[in-house]
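Written out below as structure tokens is the structure these notes cover.
Taken together, the values in this text are just the output of simple stated rules run on the coordinates, not laboratory data. What you see is a predicted model, and the numbers here were worked out from it, not measured in a lab. Cβ coordinates were reconstructed from backbone atoms using ideal geometry, including for glycine residues, and neighbour counts include every protein chain displayed.
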């Protein structure tokens with residue numbers, strides 16, 4: 001038995017995108033993979049920083065005091081412990097940049113602690129701050145990169161303070177600080193511009209390869225990447241989601257009667273009706289021909305049915321003007337949800353497809369929710 005509905009109720013609540021998280025629409029363009037790659041590179045860089053400082057200390061151990069060595073080894077142990085703790089950072093359902101920001105702060109703190117222990121404010125070790133600047137420019141936005149630069153500048157001012165070094169105040173102190181911060185600003189600017197250009201180029205390539213040319217919705221390959229990722233998250237965190245299959249009822253008749261251009265315009269009209277009802281976190285794709293599919297995160301069968309009903313009515317009341325004639329279309333819609341209707345993505349997709357074809361067989365222009373009974 002199946003459930004049909006012609007009633008409309010309130011819209012499912014719009015899901016807010018948390019700070020430092022990326023919405024599902026960006027996830028479809030590979031943003032999570034990009035963040036994972038950047039985080040992996042930053043992870044390796046943080047361990048490389050530890051190795052460089054330890055090598056430097058080992059080669060200069062004879063020139064260092066016992067107290068300085070103890071401070072450096074203690075700082076290295078604390079830094080290592082913090083990196084291992086950061087490695088076990090709880091995984092968020094949405095991609096987050098927080099671990100990368102914290103990792104940058106740890107690197108700044110470690111470099112500053114080593115410079116403090118060795119009582120230096122210039123030299124080779126100070127250039128290690130450039131590693132943090134580059135990491136910030138690549139992994140974070142420009143505002144956070146400037147924040148990290150400000151923190152580094154404050155650390156350099158403290159390190160160069162005459163009272164700490166037991167030296168008289170030099171008139172060239174400000175010039176020295178500028179000579180240290182200036183190159184870092186230049187490195188941050190160049191790196192952020194290059195990283196931005198690369199991201200824009202990759203985004204354009206993804207858009208071309210993952211978007212349907214006619215409707216500007218995602219194609220099936222891009223959609224399945226998003227759906228598989230969301231299914232894994234939903235299964236891990238026990239969260240619901242729904243799949244909605246939408247099929248045009250009379251596109252073939254419109255193509256035969258008025259031509260394929262009119263059929264394409266009608267598909268665009270249907271696409272517009274679908275887009276207007278979706279939240280920022282929902283993902284729509286052209287499934288093929290005159291079929292569409294919509295992924296609704298954090299939405300059960302009831303919420304998906306309500307949204308589907310609004311889409312159905314929106315398509316029904318729209319009309320296309322063709323040589324003085326008003327051409328109308330309707331859609332048949334099938335709904336299936338996780339975990340109510342299946343434990344795996346392909347099973348839910350198949351059941352949404354079954355519900356859609358049942359909607360077509362039982363009169364068209366209706367919404368059918370899959371019923372296991």
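Below are the figures for this structure:
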| item | result |
| --- | --- |
| Simple label model, 7 Å out from Cα along Cβ direction - residue 260 to residue 186, nm | 5.7 |
| Separation of alpha-carbon centers, region 253-320 and region 180-205, rounded to whole Å | 39 |
| For peptides 349-362, 204-217, sequence by mean Cβ density within 10 Å, most packed first | 349-362, 204-217 |
| Peptide ranges 300-313, 248-261 listed from the most packed, as the mean C-beta count within 10 angstrom indicates | 300-313, 248-261 |
| Sequence of 129, 241 once ranked by neighbouring C-beta atoms within 10 Å, starting from the fewest | 241, 129 |
| Residue 47/residue 233 FRET efficiency (R0 25 Å; Cβ-Cβ; nearest 0.05) | 0.30 |
| Peptides ranked, highest mean first, by Cβ atoms within 10 Å: ranges 288-297, 222-231 | 288-297, 222-231 |
